[in-house]
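A.B. asks: Sharing a structure with you now.
The values are calculated or read from the model by the stated rules, or taken from the named source; none is laboratory data. Just so we're clear, the structure is a prediction, and the values are computed from it rather than from any experiment. Counting neighbours? That spans all protein chains shown, and the Cβs are built from the backbone with ideal geometry, glycine included. When the accessible area is computed, the model is the full protein with side chains, heavy atoms only, and any ligands, DNA or RNA have been set aside. Shrake-Rupley method; radii C 1.70, N 1.55, O 1.52, S 1.80 Å.
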Amino acid sequence: MNSFKRLVLECSQELVSLSLVKATSGNVSLRLSNSFLITPSGYPLHSLTEDLIVEINSYGQALEEKTGPFGFLKPSMETQLHLALYHAHPKAKAVVHAHPLYATIIGTYLPLKPLTYEAKAFIDPIDYIPPLQPGSKELAAYVGRTTAQVIVLKNHGVVVWGDNFQECIFKMQVMEENAKQTYIGKTMGILPQ
């Protein structure tokens, strides 16, 4: 179990080091054979330790009661979003939700078209979810109906699912780079084709 918790922890720390999350934003989960691991609610990803990672069942309930420095450990407020993706996509082994600056802002206002061959290969297609309250059942329901592996949550962030955390982080980085390229093109008066 600790090796799986270590994977969640390492992914969380990498999101921080890549500046894809700030403060308590973002959450990470991993599918196990009969349960899931997910980051706790209200904890900054940079301050996590393995013992703070929460194991949940397919309904989002913690399998054991644990406490951390801020009290009782609850699964991420976006647990239902993660579970909706796992239920909709049986191939999904990992889910990463982050708040990359450019992808969040630009994706909220206009569709992000892949500008490079790399982007076309790794983040196309992209699904878009209308602005909905974070942690809500409505948001989870919308996300559960998506087909793409890269999903923009308008006014909120980006969610990526895949076979492992490396794939998810890679797609998140390509998404953010594509958004930066779109921004630069827009400032130069060049519209994406």
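A.B. asks: Tell me which of Ala119, Met77, Ser58 sits at the most positive position along the dipole axis of region 44-130, charges placed on C-beta atoms (Lys, Arg +1; Asp, Glu -1).
C.D. replies: Checked the options; the winner is Ala119.
A.B. asks: For Gln181, what is the net charge nearby, where nearby means another residue's Cβ is under 13 Å from its Cβ and Lys, Arg count +1, Asp, Glu -1?
C.D. replies: Local charge sum for Gln181: +1.
A.B. asks: Run through the DSSP bridge list for region 100-193 and note the antiparallel percent, rounded to the nearest 5.
C.D. replies: Counting only bridges with both partners in region 100-193, antiparallel ones make up about 50 percent.
A.B. asks: Ordering Tyr117, Tyr128 by how much accessible area each has at a 1.4 Å probe, largest first, what is the list?
C.D. replies: Descending accessible area places them as Tyr117, Tyr128.
A.B. asks: Starting from the exponent 0.38 and prefactor 2.2 Å, build the expected Rg for the chain from its residue count and divide its actual Cα Rg by it.
C.D. replies: 1.00
A.B. asks: Not counting ligands, DNA or RNA, and with a 1.4 Å probe, what is Ile106's accessible surface area in Å² rounded to the nearest 10?
C.D. replies: 20 Å²
A.B. asks: Okay, next question. Report the convex hull volume per residue for region 93-168, counting only C-alpha atoms, in Å³.
C.D. replies: Convex hull of Cα atoms, per residue: 90 Å³.
A.B. asks: Return a single number: how many Lys pairs in the chain, at a sequence separation of 8 or more or on separate chains, have alpha-carbon atoms below 13 angstrom apart.
C.D. replies: So the count works out to 4.
A.B. asks: Further, regarding this structure: At most 12 other Cβ atoms within 10 Å plus a DSSP loop assignment makes a site exposed; report the longest stretch of the chain without any exposed trypsin sites (Lys or Arg not before Pro).
C.D. replies: The segment 1-90 is the longest one with no such site.
A.B. asks: Let me ask something additional. Report the far tail of the P(r) of region 40-145, meaning the percent of Cα-Cα pairs longer than 23 Å.
C.D. replies: Counting pairs separated by more than 23 Å, the tail of P(r) holds 40 percent.
A.B. asks: With charges set only on the Cβ (+1 for Lys and Arg, -1 for Asp and Glu), what does the dipole of region 63-193 come to about its Cα centre, in debye to the nearest 20?
C.D. replies: Dipole size: approximately 220 debye.
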